[in-house]
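**Q** Dropping a structure here in structure tokens format, bear with me for questions.
None of the figures in this text is laboratory data; all of them are computed from the coordinates on show. The structure displayed is predicted, hence computed values, not measured ones. FYI the Cβ positions are ideal-geometry reconstructions off the backbone, even for glycines, and counts take in every protein chain you see.
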């Protein structure tokens, strides 16, 4: 553990070891998501909170709730995201991965993030959430503006960060509200219908803001994390081409390969927790009101847990990585993320003849979401089987 004081940001304890991250994650009553959110804030963001909250700032989502509310709200969609529930989407994720590689042609150059990594989860999530294809491009831009608002390529032009957040929130709300109203009038079997008609386990209907929040977090969190896992997968295969060949020769390793991709890429850099009472973590005293930063990428390279942690090994087993979080806030959509990632890396293993970097990787400017925004590659592909 290390106490960090960075000018312009909240002070925090850096929690870097696998065991310590688990220790904090398994005590949600003592280390809170809800008290001050999940992100280490800049001075500008703190000022925005004091001056007024945006549509998104006023919203409660399962990722920012503590027990007992978190457990009640999580149950609303947990049935949809079980392995059995996700198996109904196998054809959708396979067709999406295949169509995207088909669109590249037999050989050429492309930006893998632009044409593949961000398109694949976008199509899958749009399908289960009832989003029209005509809205996908706009939704992609809004997601980038929300999660990577510090990146000059994605930042929304507005008078202030607060105004930008307010505008993004209203556009999201308008789009999702239209879908929710349609599903209430014309229910189907998708997740959008489930959320539109949702009731808490206590029997009361899900409120309007909570419904919007659920919809938003499923899409935004599900899209960017999977996008960055997929770009991380290709980066890893470019650095370790023997592992792509290994997957081609041993397709039974696909599930283990997905876990190693998530460990290696760790798309979510960290989550913040607020200490609710004086306590200790790994023997280090922490005070009520202190912030803890759970650094997942560091935990995923803890040499006391992983042999050769800086190597990319698709056969790594066991693989107790923290890429989906841990305990109370373990990723609700983990099974969908696994299915989407597996479908695409299997397509790469089956169809790539040659692939190499065609330029430098450019990373998203964000302290929360880790991944490439540009990954140029040169490739030769064989047709789908």
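**Q** Roughly how far apart, in whole Å, are the Cα centres of the stretch 192-250 and the stretch 303-346?
**A** Cα centroid of the stretch 192-250 versus Cα centroid of the stretch 303-346: 14 Å apart.
**Q** What 222 nm value per residue comes from the helices of the chain, counting each DSSP H run with n ≥ 4 as -39,500 (n - 2.57) and dividing by all residues, nearest 500 deg cm²/dmol?
**A** Helix-only estimate at 222 nm: -14500 deg cm²/dmol.
**Q** Would you kindly compute the Cα radius of gyration of the stretch 173-265 and its largest Cα-Cα separation (Dmax), both in Å?
**A** That works out to 19.3, 54 Å for Rg and Dmax.
**Q** How large is Rg/Rh for the chain, to two decimals, with Cα atoms and a Kirkwood Rh?
**A** 0.95
**Q** Sort 314-327, 112-125, 6-19 by the packing proxy (mean of other Cβ within 10 Å over each peptide's residues), most packed first.
**A** Going from most to least packed, we get 112-125, 314-327, 6-19.
**Q** Taking Cα pairs under 8 Å and at least six residues apart, what relative contact order does the stretch 179-312 come out at, in percent?
**A** Result for the stretch 179-312 is 15 percent.
**Q** Taking the radius of gyration and the Kirkwood hydrodynamic radius from Cα positions alone, what is the Rg/Rh ratio for the stretch 1-131, to two decimal places?
**A** Result: Rg/Rh = 1.07.
**Q** Here's a follow-up. Return a whole-number percent for the relative contact order of the stretch 2-381, with Cα pairs under 8 Å and 6 or more residues apart as the contact set.
**A** The normalised contact order for the stretch 2-381 reaches 28 percent.
**Q** Let me ask another. Going highest first, how would you order 35-42, 367-374 by mean Cβ packing within 10 Å?
**A** 367-374, 35-42
**Q** Here's a follow-up. Report Rg (one decimal) and Dmax (nearest whole number) for the stretch 177-327, counting Cα atoms only, units Å.
**A** Rg then Dmax for the stretch 177-327, in Å: 20.4, 56.
**Q** Something else: Under 10 °C and 1.306 mPa s, how fast does the stretch 295-369 diffuse according to Stokes-Einstein, given a Kirkwood radius computed over C-alpha pairs? Answer in µm²/s, whole number.
**A** 103
**Q** While we're on this one: Of the listed peptides 303-309, 289-295, 256-262, what is their order by residue-averaged count of other C-beta atoms within 10 Å, with the highest listed first?
**A** Per-residue mean Cβ counts within 10 Å order the peptides as 256-262, 289-295, 303-309.
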